[in-house]
Structure formats: C-alpha cells, structure tokens
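Structure, as structure tokens:
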Amino acid sequence: MKLFSIGAVVVGAALALAMVRPQQKSSQEPRQYSQATTQTQRSWMMDYEEMMAEMKAADARLQPLAERMVSAKSDERVPAIQDVVTELVKDQIGMHQHLIMMHDHMMSQMPMK
C-alpha cells in the first residue's frame with residue numbers, strides 16, 4: 001500500500017512538471033509569426049480594402065439611378081427601374097466573382113497536408 005502511495009505521488013509530480021514546463025516556456029518567448037502568415041494578412045487586407053472601394057463605387061453609381069427612378073414620371077418610370085435593376089444585378093455578379101476569387105486565393109495559400 002505504501003509503495004502504491006509513493007508511486008501515485010511520483011506520477012502526480014511528473015504530470016504536474018510536464019504541464020508546468022511548456023507553460024513557462026511559452027510565456028517567456030514572444031510569439032513569432034512566419035513571413036507567410038504576415039504576407040497572407042497583408043493580402044487579405046488589400047482584398048478587403050479593394051472590396052470596400054468597389055462597394056463605395058457601386059453605391060455611387062446606384063444612387064443617381066435610384067433618385068431618377070423615384071422622381072420619374074409615367075413613361076420614364078419603367079426604363080428608370082430597368083436601369084436600377086441592371087445595376088443591382090451587375091453589382092451582385094461582381095460581388096460573387098470577387099468572393100470566388102478571394103476563396104480561391106485563400107485556398108491556394110493553405111499548406112497541403
């Protein structure tokens with residue numbers, strides 16, 4: 001029984017030391033990022049900024065079309081609505097193409113296992 005207690009204490013101490021040692025090591029060393037990680041982050045930020053610029057440009061194109069649609073009188077109303085719908089469809093397709101391109105780019109950056 002005494003041998004079992006000593007064995008349990010030794011195993012417990014070994015487990016405690018094993019858990020403490022990696023924690024001490026990681027807290028003493030600053031976290032290092034690889035160049036690939038920072039390059040991926042820069043690439044993502046450029047994609048994000050490009051997407052935001054495209055969205056602002058799309059809004060700038062859509063705003064006057066929407067105003068023209070709202071203020072259009074009888075015969076002018078249908079062509080004005082068509083212009084708004086056409087612009088919305090172009091924006092939607094462009095957004096999907098951009099998201100597909102971003103997805104493909106991200107997948108190409110992932111390491112193969």
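How big is segment 39-113 by the Kirkwood estimate over distinct Cα pairs, in Å?
About 14.5 Å for segment 39-113.
Say each of ALA53 and ILE93 gets a label point 7 Å from the Cα, pointing the same way as Cα to Cβ; how far apart are those two points in nm?
Computed distance between label sites ALA53 and ILE93 equals 2.3 nm.
Name the residue from SER74, SER108, MET45 whose Cα lies farthest towards the positive end of the charge dipole of segment 39-113, charges +1 on Cβ of Lys and Arg and -1 on Cβ of Asp and Glu.
My answer, from the dipole projection, is SER108.
We did not get these values from a lab; they are worked out from the coordinates using the rules stated. What you see is a predicted model, and the numbers here were worked out from it, not measured in a lab. Positions of Cβ are generated from backbone atoms using ideal geometry, with glycine treated the same way; all protein chains shown enter the neighbour counts.
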